[in-house]
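The values are calculated or read from the model by the stated rules, or taken from the named source; none is laboratory data. Please read all numbers here as calculations on a predicted model, not as lab measurements. Cβ coordinates were reconstructed from backbone atoms using ideal geometry, including for glycine residues, and neighbour counts include every protein chain displayed.
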């Protein structure tokens, strides 16, 4: 939606977006496409193709595909050089940040000049957009919202105006769960639009984005399903649908949506003869597919998707940023199942042109994975040195200048490194028999983890909340461990690892019935899991024993997030029924 395009909320696999350095007039003409919804806004042109390309740009703008929307608006301007609204669209899709300020300003100057004598509604659209182009999304926010409210008040039947306003206000949530400025207002607008326009793909996409990071993402479940049906040709919409379906635990549906996003991008690239870098969603979808497989206990498939992603970015060229995103996907798959050495051995060779942020991310991942491998082997002096190195790396990255556009930002990497260093140090302190210090360190890691920016790369360390829950289990604070485990289950109900953690907390509390329920939920999530997983056997044995098996954890197993080793738990006593 508009807020995401203007504020660059999503991390980017590649350093550059397609055509971002190409002038509006020089953009290659796109074909007219199907599968993008049916949004329509009548504009003052007598050229049918100009109207058709404008509508296509509007649909793509609503579905979050900014680069292709820009091409469509540029073609509309070519078809009708007097069409002010085509330049309005070019101003909104030019890209976030100061780098593109001149391009946005040039486009809006054209729109303002051409809007003289056009219908009042078009002039209002153009004037509102000019406030963003002149002052930027942050400084021009209040004036833009005010002018759009006046437009909506004057033309209450204009669904596209209400959707544009709502899409701009979809501003996410704060780390403490509070909605961003204007978000409740946007949600109210979108609820009404869902009622009056149930088949509008743009409305469903905006609603999915509005609810994705809320505490009730299931409220957008039907919209995610509708997106798959209404916008099969827009991979960013399919990616958003898959992301929400995965968040609410509908992993099979999420997999279908994400695989459809990859297929849609591949078809787009083939039809246009474009390189892999031009695909808007395939790489992000493949990362989510690997994550979804890991949550479903399918370690082999998680590795397969991560390697497919790596082969894809390697075929596209030596883009260090893309190579790192692929490598960290594979690292995360290994870490999720406790294969520390495999995670440490993932190759991460970068080209000589690597930026400080790329070098920092590579070094951070290497240090962390070697540290957890050393922790597993009880080489505590080596772990101490690794923690010190991670902290020094964080300090150096935090002092680097911010980057703009699609370049990896050193300060985002610094935040990830800080979380990883604190999580690893907490494990070290627990292994040394200092549970109080470990609790404080992991609590800090948890708070830092919550403040990670959505625009940054994905965290490569183990979830701090999960590590803290396991520490509390071993420190005989089972009730507090269960509290964290239940929060994780609510946040990711399709993740079998979190159901397993909750089940173990219930076992520690002697709550057999509740433990069976969570083990059963884990088995439901892992119905297609790799058969060799020790966690899978443990859950089956517990349920088969009807919850009458008591399990204890050895102190040497502290802070293994999913206890991947077969000896993580042992049966010590069977209680007869």
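Quick notes on this structure:
- Condition met for residue 109 (crowded, with 20+ Cβ neighbours inside 10 Å and farther than 29 Å from residue 199 by Cβ): no
- Flag for residue 194 being surrounded by fewer than 20 Cβ atoms within 10 Å (Cβ to Cβ), in a helix (DSSP H, G or I) and touching a helix residue (DSSP H, G or I) at 6+ places or on another chain (Cβ under 8 Å): yes
- Restricted to the range 28-76, and to residues there that are surrounded by fewer than 17 Cβ atoms within 10 Å (Cβ to Cβ) and under 28 Å from the mean Cα position of the chain (by Cα), the residue that is farthest from residue 281 (Cα to Cα) is 38.
- Considering 183, 194, 221, the condition of being in the same structural domain as residue 37 (by TED's automatic domain parsing), touching a strand residue (DSSP E or B) at 6+ places or on another chain (Cβ under 8 Å) and without any contact (Cβ under 8 Å) to a residue 60 or more places away in the chain is satisfied by 183 alone.
- Of all residues in the range 493-519, those that are free of Cβ contacts under 8 Å to residues at least 60 places away in the same chain have Cβ atoms under 6 Å from Cβ atoms of residues that are in a loop (DSSP other than H, G, I, E, B), 6 or more apart or on another chain, in 498/492; 512/547; 515/547; 516/547.
- Residue check for residue 420: more than 26 Å from the chain's Cα centre (by Cα), within 24 Å of residue 174 (Cβ to Cβ) and part of a helix (DSSP H, G or I): no
- Test for residue 178: is it modelled with pLDDT of 95 or more and either more than 15 Å from the chain's Cα centre (by Cα) or assigned by TED's automatic domain parsing to the domain that holds residue 62 (or both): no
- Test result for residue 254, assigned to a helix (DSSP H, G or I) and either free of Cβ contacts under 8 Å to residues at least 24 places away in the same chain or over 19 Å from residue 39 (Cα atoms) (or both): yes
- Residue check for residue 208: over 30 Å from residue 241 (Cα atoms), surrounded by 15 or more Cβ atoms within 10 Å (Cβ to Cβ) and modelled with pLDDT of 95 or more: no
- Pick from the range 292-319, criterion touching a residue at least 60 places away in the same chain (Cβ under 8 Å) and more than 17 Å from the chain's Cα centre (by Cα), ranking: surrounded by the most Cβ atoms within 10 Å (Cβ to Cβ): 297
- Test: residue 411 is modelled with pLDDT under 95, part of a helix (DSSP H, G or I) and crowded, with 16+ Cβ neighbours inside 10 Å: yes
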